[in-house]
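Q: For reference, the structure I am asking about is given below.
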Amino acid sequence: MSGSPTVPEVAPPRRPLKTRQRAWAQALARMLTRAGVAPNAISMASLVFAIAAGLCLAWTARAEGLARQMLFLAAAACIQIRLLCNMLDGMVAVEGGKQSALGTLYNEIPDRIADSLFLVSVGYVVQLPWLGWCCALLAALTAYIRVLGGTVGLPQDFRGPMAKPHRMALLTAACLLGAGERALWGSQYTLTAGLVLIGVGTAATCWTRTLGVARELQAGSRKTQ
């Protein structure tokens, strides 16, 4: 009687990032590897920071004065730490030789939840919840199209113009500028504009990735004829 089939340890497709080549990033990844930190644990840590950012944004609706500004700054910091975790989990897995059979799940699922937490929270902060939910749906759709290309044998397409790093950079800037705007004028136009730009840019990203997959499939079909 044969035993259970062996599940291969697979590294998820990696987003091209120049930051991986920085000395500080490689040193941090080596430190985590030596400390025995599992890549999947780093992936889950990214979700913890995403939840923290979402809570900070939600609490800005009730906070006043300096407390509100600090919450915006804390949310911006959590967004960037989440991105750092997203980079380090792959570095520890690949460069550190700690790939696991469940790595793809830990890599993708927390990301989808994190994006939704950020975008939906901002939607409620600016009193446009439908816009936050729409941006969250579009963000999930960009990932779906990317993975769909991979399922039909194509390289996963991480192109923008509003891929995850671009969304998070814009959201971080909106939080930082929004903190100042709220303190000076009591308005939140920066956050609203940032969310609108994310929505439009993410919709464009869905379009460009879909076109990219379609062109690759058509090119492959012509080669087989």
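The values are calculated or read from the model by the stated rules, or taken from the named source; none is laboratory data. Values in this document were obtained by computation on a predicted structure and should not be read as measured data. Glycine also receives a Cβ, built like all others from the backbone with ideal geometry; neighbour counts cover every protein chain displayed. Surface areas here come from the heavy atoms of the whole protein model, side chains and all, with no ligands, DNA or RNA. Shrake-Rupley method; radii C 1.70, N 1.55, O 1.52, S 1.80 Å.
Residue-wise test of (1) more than 20 Å from Ala204 (Cα to Cα); (2) charged (D, E, K, R); (3) assigned to a helix (DSSP H, G or I).
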| residue | (1), (2), (3) |
| --- | --- |
| Gln80 | yes, no, yes |
| Asn86 | yes, no, yes |
| Thr104 | yes, no, yes |
| Glu108 | yes, yes, yes |
| Ser116 | no, no, yes |
| Val122 | yes, no, yes |
| Gly132 | no, no, yes |
| Ala136 | no, no, yes |
| Ala139 | no, no, yes |
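Q: For the stretch 93-101, check the following and say yes or no: at least one residue is aliphatic (A, V, I, L, M), modelled with pLDDT under 95, surrounded by 14 or more Cβ atoms within 10 Å (Cβ to Cβ) and under 28 Å from Ile42 (Cβ atoms).
A: There is at least one residue in the stretch 93-101 that is aliphatic (A, V, I, L, M), modelled with pLDDT under 95, surrounded by 14 or more Cβ atoms within 10 Å (Cβ to Cβ) and under 28 Å from Ile42 (Cβ atoms).
Q: What are the residues in the stretch 43-70 that are under 24 Å from Ala101 (Cα atoms) and in contact with a Gly (Cβ under 9 Å, 6 or more places away or on another chain), if any?
A: Correct list: Ser43 only.
Q: Additional query: So which residues in the stretch 181-221 are in a helix (DSSP H, G or I), without any contact (Cβ under 8 Å) to a residue 40 or more places away in the chain and over 24 Å from Arg159 (Cα atoms)?
A: Glu181, Leu184, Trp185, Tyr189, Thr190
Q: Would you be able to say whether some residue in the stretch 198-211 is modelled with pLDDT under 90, surrounded by 14 or more Cβ atoms within 10 Å (Cβ to Cβ) and more than 22 Å from Ile81 (Cβ to Cβ)?
A: no
Q: Continuing with this model, one more query. Test Thr172 against the stated conditions and say whether it is without any contact (Cβ under 8 Å) to a residue 60 or more places away in the chain, crowded, with 17+ Cβ neighbours inside 10 Å and either outside any helix (DSSP H, G or I) or out of contact with any Ser or Thr (no Cβ under 7 Å at 6 or more places or on another chain) (or both).
A: Judged against the criteria, Thr172 is not a match.
Q: Then there's this: Given Pro129, Pro110, Pro161, which one is modelled with pLDDT of 90 or more and either in contact with a strand residue (DSSP E or B) (Cβ under 6 Å, 6 or more places away or on another chain) or buried (at least 16 other Cβ atoms within 10 Å of the Cβ) (or both)?
A: Just a single option satisfies the conditions, and that option is Pro110.
Q: Every residue in the stretch 181-191 that is open to solvent by 20 Å² or more (accessible area, probe 1.4 Å) and in contact with a helix residue (DSSP H, G or I) (Cβ under 8 Å, 6 or more places away or on another chain), please.
A: Arg182, Ala183, Ser187, Gln188, Tyr189, Thr190
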